[in-house]
Amino acid sequence: MSKVLTALLLVLCTLSAMAQRTQLIKGNIIDKESKTPVIGAIVTVTDIQPAKGGVTDEQGNFLINDIPVGKHTINITSIGYQPLVISGVLVTSAKEVVLPLEMEESSIKMGDVVVKHRKDHVNEMAMVSAKTFDVQETERYAGSRSDPARMASNFAGVQGADDSRNDIIIRGNSPQGLLWRLEDIDIPNPNHFAIPGTSGGPVSMLNNKTLGNSDFLTGAFPAEYGNSTAGVFDLKMRNGNNERYEYTAQLGFLGTELAAEGPISKKHGSSFLITYRYSTLQLFQGLNIKIGTSSVPNYQDAAFKFNFPIGKKSNLALFGVGGLSKIDLIVSNLKERPEELYGESDRDQYFYSNTGFGGVSFSHIINSTTYTKIVVAQSANEIGAHHDKVFRDANYLVDSIKSVLDYTFGTNSTVAHWYINKKLSAKQTIKAGIINNYYNVNYVDSSRQYPVTRQDWQQRLNYQGGTDLVQAYIQYKYRPNDALTFIGGLHAQYLTHNQSKSLEPRVAAKWRASDADVVTFAYGLHSQMQPLYMYFSHLPAAPATAMHNYDVGFTKSHHLVAGYDHSFSNVLRVRTEVYYQYLFNIPIEIKSGSSYSGLDQGSSFSRVFPDTLQNKGTGYNYGLELTIEKSFSKGFYIMATGSVFDSKAKGNDGVLRNTDYNSHFAVNVLGGYEHKLGKYSTMLAGGKITYAGGKLYSPPDVAASNTKNDYVIIESQRNTLKFPDYFRADIKLGVRLNAKKYTHEIALDLVNVLGTKNLLSLTYSSDLAAQGQYPFIKQYQLGFLPLFYYRIDFGNGKHR
């Protein structure tokens, strides 16, 4: 295989050296708050000699021709607006660079001094704990697997020490507290092989090639975001190129991908963007590479966006994302015990997860200071599983097979979000909106696995019906000058089926003390509904209509954050934040002596069916975060992030103890280097080291576990034990080759290149118990995992 790759590289390098390679940069610049065009802005590519630039027209459009391939820095200035500096803009020979940009109007008069400004986040109301990322970042970082969620684990305050899933654990919170939003609507878990009640999974459905600049918020977020106590992933889909047809084809171990974009009508500026991916993990089987399971997962996903400008003031867009996933984890045909990362080794498991969401958005500029937008969308999600328990003798031969679990969870949601934004002046902006999520569910869950000798089926869930989550918000931004910004807001939400309600104040402030120093502060009250299936479940001995947790209220959390940011230059900065979160109204069991807390769920491959709950639990998270970042310039970038924190919760036993996610610290050091291999070819290299506290776990009650045939903890000792600390090193190597009309990229992502054995969990084995042995097995995370891909970009049609 290495000889084939070498030969291919030689051929591509030869092709890439045959002609001059340049590309155009174009885009559109609008006012950040009114969304009206910024006319006369000067856009300059500063790192080429001589510098080249362009000026925006009456629609805010600009065009710069003949920019050499490579990465460049762009400066944008306009009278009355704060300047923008954008570094690391990738220019290739195959695709035009399209930059949709927003500028913030200066609150001081033209003759006064303006402050240099970096584009830190898309949402102008987010003052703290906000990070903007783009498609390049999801591909740049070693070990991220082009997954936005895994990319986010590199940021300060986010833990990513589970190789089996991409759960986003923020500041010690349950990943269940994360809100996913796409194109201004709340969406279901956008991951393949998703489990009800979780927000992560093994493989993302989101194709990074469809994403534009998006925000990731980790605390005290603005009033427009609700139903979340941990963080927000606010994703935007980019528009396709409206002047030229462009294509991407990619072959890799994780999937074969196709993408296309281009104009629908060049005259009217409409465009399309479509992607499709199909899993190719069966390649691993042929190469004898372990992926955590002996079975081959099957999945496919697609995404689209059609964008239609209507005149000069309106825009209509259609968008959608969908994915199908299925896996059969068969152990009955095995002759020896497997080392499975996914699934349980004592049963055959048949699992599927299908999710789709799509919608239509309409935006309209009412006048030069006011715009409005409405989005209506529909989502559908169905998850199902069937388990057959495999009984074996002392020689590991199959004795019998018995069906023990069957469930189907269907959730349909109709979502509408309308808002209006009014720029009162250069100093004041107000935004208000309404969000409505109507959920229609069909849930069935039955089990006869506890104990495995049980013959009758115990039903835990059998419900068809609906509920409605209604949200409203208003937020106000005031900038007395360019150095000071204040934001205040109010968010309200109401859940119809049990009348849960919440009124949540949000405030934030930013002080730019100098050109280099920024101080921030924010407070917010946040609340979140419970996983839908928990409201409608019932105890096995009770009828389906006796839903014992139907009236459980919202989980709530006070967030308090303060931050400091110092910029040494346009490319080097250090940022630190300190935070405290007090969580209350946490669901805990009414059962005496129970240590259960709702803060401990949301990151496993199993659903949780607690006993009767009450909103009397409490908890807290506090910590300190540090980020040192040198953005891409002079051929390299470096980022180091670290956090130390404490996360505690109290159950009905009254004991304040560690939550499942209290690993106490997490450190990431990553960087990348690009070196030209001639005029039009570039070597890509990157690396990442992750070091984090070991996962907490509870000692098992051996006798109770053997009686139930499942892992039963010693309640009084929940989360008192810890696995060894987590360590992983990743390396990414590749080459980008710019031919005349094509761009080729070949890369190898070496995940866990040192093959470090990190412990994942302790699981119960009924087979070992039947043989009189200690019935618990250590499960390890992924070993060395090489991920290869080859991508080709190309286009047709003349450049403007």
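Coordinate-derived values only; no laboratory data. The model shown is predicted, which means the values in this text are computed figures rather than measured ones. Glycine gets a Cβ as well: all are built from the backbone with ideal geometry, and neighbour counts include every protein chain shown.
Sorting 686-693, 732-739 by their mean Cβ neighbour count within 10 Å, with the most densely packed peptide first, gives 732-739, 686-693.
Based on Cα contacts under 8 Å between residues 6+ apart, the chain shows a relative contact order of 12 percent. Hey, with R₀ at 41 Å, roughly what FRET efficiency would Gln499 and Tyr691 work out to, going by the Cβ-Cβ distance, to 0.05? Between Gln499 and Tyr691 the formula returns 0.30.
Which net charge results when you count Lys and Arg as +1 and Asp and Glu as -1 among the other residues whose beta-carbon is under 12 Å from that of Pro775? After counting each charged neighbour, the total is -3.
Taking only the C-alpha atoms of region 175-224, Rg followed by Dmax gives 11.8, 32 Å.
Place a point 7 Å from Cα of Asn367 in the direction of its Cβ. Which residues in region 306-340 have their backbone N less than 19 Å from it? Within reach of a label on Asn367: 312-314.
Dividing the convex hull volume of the Cα atoms of region 463-554 by its residue count, what figure in Å³ per residue is obtained? List each step's numbers first, then the result.
Details: hull volume 10.2 nm³, N = 92.
Dividing the Cα hull volume of region 463-554 by its residues yields 111 Å³.
For Rg and Dmax of the Cα atoms in Å, the choices are (1) 28.2, 83; (2) 26.7, 87; (3) 33.7, 121; which was calculated from the structure? Checking each listed value against the structure points to (2).
Taking amide H as placed 1.01 Å from N in the peptide plane, Val712 has its amide H under 5 Å from the amide H of Asp701, Ser705, each at least 5 places away in sequence or on another chain.
Return the FRET efficiency for the residue pair Leu624, Phe568: r is the Cβ-Cβ distance, R0 is 22 Å, and the value is rounded to the nearest 0.05.
Working: r = 21 Å, r/R0 = 0.95.
For R0 = 22 Å, the calculated efficiency reads 0.60.
Using Cα pairs closer than 8 Å and at least 6 residues apart in sequence, work out the relative contact order for region 406-471, in percent. Don't skip to the answer; put the middle values down first.
On the way: 121 pairs, mean separation 22.4, N = 66.
With pairs under 8 Å counted, the relative contact order is 34 percent.
Mind ordering 492-503, 190-201, 454-465 by average Cβ neighbours within 10 Å, highest first?
Numbers: 492-503: 16.7, 190-201: 24.1, 454-465: 14.7.
Final packing ranking: 190-201, 492-503, 454-465.
Packing, as the average of other Cβ atoms within 10 Å across residues, places the peptides 327-335, 223-231 in the order 223-231, 327-335, highest first. Antiparallel beta bridges, as assigned by DSSP with both residues in the chain, represent about 95 percent of the total such bridges.
Report, in degrees rounded to the nearest 10, the 0 to 90 angle that the Cα long axis of helix 2-16 makes with the longest principal axis of the chain. Helix 2-16 sits at roughly 20 degrees to that axis.
Compute the length gained on full extension between Asp551 and Thr280: take 0.36 nm times their separation in residues and subtract their Cα-Cα distance, giving the result in nm to one decimal. Intermediate results must be reported in sequence, preceding the final value.
Values: separation 271, 0.36 × 271 = 97.56 nm, distance 4.48 nm.
Gain in length upon complete extension: 93.1 nm.
The calculated FRET efficiency for Ser332 paired with Lys634, based on their beta-carbon distance and R0 = 45 Å, is about 0.20.
Under a model in which nothing but the beta-carbon of Lys, Arg (+1) and Asp, Glu (-1) is charged, the chain shows a dipole of about 1860 debye around its Cα centre. Within region 303-407, which GluC sites (Glu not before Pro) sit in a loop by DSSP and count at most 12 neighbouring Cβ atoms inside 10 Å? Those that pass, being in a loop and sparsely packed, are Glu336.
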